[in-house]
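A short worksheet on the structure shown next.
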Amino acid sequence: MGIEVRPATEELFDDVATVLGPKNPDSTVCWCLSHRVDSRTNRELVGTARREYVHELTRRPVAPGVLAYDGGEVVGWAAVAPRAELPFERSTKIPHVDDLPVWSLWCVRVRPGHRGQGIAHALVRGAVDYAASQGAPAVEGYPADSGDQRVDTTMAYVGTRRLFESAGFTKAADTDAVAGGFPRVLMRRSLG
């Protein structure tokens, strides 16, 4: 049947929680907010407040990302949004290539037990398709340029250059950012 990718709307919030949420609801985990909100807000959102913040994001007209399904089971997440809404807009480490109102794809997460099955590839393609459906002129990612080396699982959420290249992205710029000991590069895919 293949992997199906859908926008993470409010109706699918329980699936968002399955992929991003902690086992203990009071735990403070990322919830894919570390690069979505400014550092002050990120520090202030603790425990269940993070869950509620993401739940509110799913209620907006533009979904905060996409979910991947394999046979009806949620198996992954990718965060994608207009760069202008994100801290990347003001980043001193991730440059602006031009003034195009690009979207950013900054987090790809595949649930344990489902890795190595092409789900990350489907998520990147699905995130690009979703951004295109919302009028994005281009999508950027900021993956690790790890060559043939494996990126530690805790830092693999940024993706790899190879993953983005397989989805039609090309390198647009170097960055001053690092993930898992590897330099991050700005990859872009034009949608126009």
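Being at pLDDT 95 or above, open to solvent by 60 Å² or more (accessible area, probe 1.4 Å) and in contact with a strand residue (DSSP E or B) (Cβ under 8 Å, 6 or more places away or on another chain) is the requirement here; does Ser190 meet it? Judged against the criteria, Ser190 is a match. Checked across region 160-178, the condition of being in contact with a helix residue (DSSP H, G or I) (Cβ under 9 Å, 6 or more places away or on another chain), of a type in the set (Gly, Ala, Ser) and either in a strand (DSSP E or B) or over 30 Å from Pro61 (Cα atoms) (or both) holds for at least one residue. Among the residues of region 1-55, those that are open to solvent by less than 50 Å² (accessible area, probe 1.4 Å), touching a Ser or Thr at 6+ places or on another chain (Cβ under 7 Å) and more than 24 Å from Asp129 (Cβ to Cβ) comprise Asn42, Gly47, Arg50.
Going through (1) of a type in the set (Lys, Arg); (2) touching a Phe, Trp or Tyr at 6+ places or on another chain (Cβ under 8 Å); (3) in a loop (DSSP other than H, G, I, E, B) one by one, Lys23 falls short only on (2). Residue pairs whose Cβ atoms lie under 7 Å apart, sitting 6 or more positions apart in sequence or on different chains, and linking a residue in region 164-192 that is touching a residue at least 40 places away in the same chain (Cβ under 8 Å) and over 12 Å from Ala138 (Cα atoms) to a partner that is open to solvent by less than 50 Å² (accessible area, probe 1.4 Å) and of a type in the set (Ser, Thr, Tyr), are Thr175/Tyr142; Ala177/Tyr142; Arg184/Tyr142; Arg184/Thr175; Val185/Thr175; Leu186/Tyr142; Leu186/Thr175. Filtered by the rule that a residue be within 19 Å of Ala136 (Cβ to Cβ) and exposed (fewer than 13 other Cβ atoms within 10 Å of the Cβ), region 98-113 gives Asp98, Asp99, Pro101.
Restricting attention to region 7-20, the residues that are within 14 Å of Ala79 (Cβ to Cβ) and either modelled with pLDDT under 95 or outside any helix (DSSP H, G or I) (or both) add up to 2. Within region 79-100, the only residue that satisfies the criterion of being in a loop (DSSP other than H, G, I, E, B) and touching a helix residue (DSSP H, G or I) at 6+ places or on another chain (Cβ under 6 Å) is Ile94. When we screen Ala84, Ala79 for residues that are at pLDDT 95 or above, open to solvent by 70 Å² or more (accessible area, probe 1.4 Å) and touching a Pro at 6+ places or on another chain (Cβ under 9 Å), the only hit is Ala84. Determine, yes or no, whether Thr58 is of a type in the set (S, T, N, Q) and surrounded by 17 or more Cβ atoms within 10 Å (Cβ to Cβ). Spelling it out, Thr58 is indeed of a type in the set (S, T, N, Q) and surrounded by 17 or more Cβ atoms within 10 Å (Cβ to Cβ).
The residues in region 124-156 that are at pLDDT below 95 and either assigned to a helix (DSSP H, G or I) or under 18 Å from Pro95 (Cα atoms) (or both) can be counted, and the count is 1.
For region 157-192, the tally of residues that are of a type in the set (Ser, Thr, Tyr) and under 13 Å from Pro95 (Cβ atoms) stands at 1. Taking region 41-53 as the range and being free of Cβ contacts under 8 Å to residues at least 12 places away in the same chain and within 24 Å of Trp103 (Cβ to Cβ) as the test, the residues that pass are Thr41, Asn42.
The values are calculated or read from the model by the stated rules, or taken from the named source; none is laboratory data. These figures come from a predicted structure and were not determined experimentally. Backbone-built Cβ (ideal geometry, glycine too); neighbour counts: all protein chains shown. Heads up: the accessible areas ignore ligands, DNA and RNA and are worked out on the full protein's heavy atoms, side chains in. Shrake-Rupley method; radii C 1.70, N 1.55, O 1.52, S 1.80 Å.
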